[in-house]
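Beneath this line is the structure, given in structure tokens, with notes to follow.
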Amino acid sequence: MFVGVLNIEVFISEPQSLKEKRRIIKSLIERLKNKFNIAVAETGKLDSWNYCELGLVCVSNEAGHADSMMNAAVNFIETQGSVELTNVKTEIIPY
């Protein structure tokens, strides 16, 4: 079994308040969960209006599959017009 861990930092140019930021991030999190069946949470920069840190995790029986799921999630986020990736860290952990 392999656990894929992805830590992403994004820049959001639209929000003028924390409420708007959380609406955008909540929508992105739900789309990621539904499309890729992965666990996603806002893990950092909670009080910043324009920056957000997300943690994504998946479990697979093959390291290559976990890596491809993480890459697909990154590509999906890049195609969203509301956020811009600023930092990506990926790790595949054998269990």
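The values are calculated or read from the model by the stated rules, or taken from the named source; none is laboratory data. What you see is a predicted model; the values in this text were computed from it and never measured. Cβ atoms come from the backbone with ideal geometry, glycine included; neighbour counts cover every protein chain shown.
For segment 1-38, which residues satisfy the criterion of being of a type in the set (A, V, I, L, M, F, W, C), in contact with a helix residue (DSSP H, G or I) (Cβ under 9 Å, 6 or more places away or on another chain) and assigned to a helix (DSSP H, G or I)?
L28, L32, F36
Which one of these is under 14 Å from the mean Cα position of the chain (by Cα) and at pLDDT 90 or above: I93, I25?
I25
Is it the case that segment 39-62 has a residue that's part of a helix (DSSP H, G or I), of a type in the set (D, E), under 18 Å from I93 (Cα atoms) and touching a residue at least 12 places away in the same chain (Cβ under 8 Å)?
Checked segment 39-62: no residue is part of a helix (DSSP H, G or I), of a type in the set (D, E), under 18 Å from I93 (Cα atoms) and touching a residue at least 12 places away in the same chain (Cβ under 8 Å).
Just give me the residues in segment 62-95 being surrounded by 14 or more Cβ atoms within 10 Å (Cβ to Cβ) and among the β-branched types (V, I, T), in sequence order.
If the condition is that a residue be surrounded by 14 or more Cβ atoms within 10 Å (Cβ to Cβ) and among the β-branched types (V, I, T), then V74, I77, V83, V88, T90, I92 are the ones that fit.
Among the residues that make up segment 26-37, is at least one of them in contact with a strand residue (DSSP E or B) (Cβ under 6 Å, 6 or more places away or on another chain) and free of Cβ contacts under 8 Å to residues at least 12 places away in the same chain?
yes
Using beta carbons and a limit of 6 Å, which pairs, at least six apart or on different chains, have the first residue in segment 1-20 and farther than 19 Å from A41 by Cβ and the second one in a strand (DSSP E or B) and modelled with pLDDT of 90 or more?
Every condition considered, the pairs that remain are F2/S60; F2/I92; F2/P94.
In segment 44-79, how many residues are over 16 Å from G4 (Cα atoms) and touching a strand residue (DSSP E or B) at 6+ places or on another chain (Cβ under 9 Å)?
Selection size over segment 44-79: 9.
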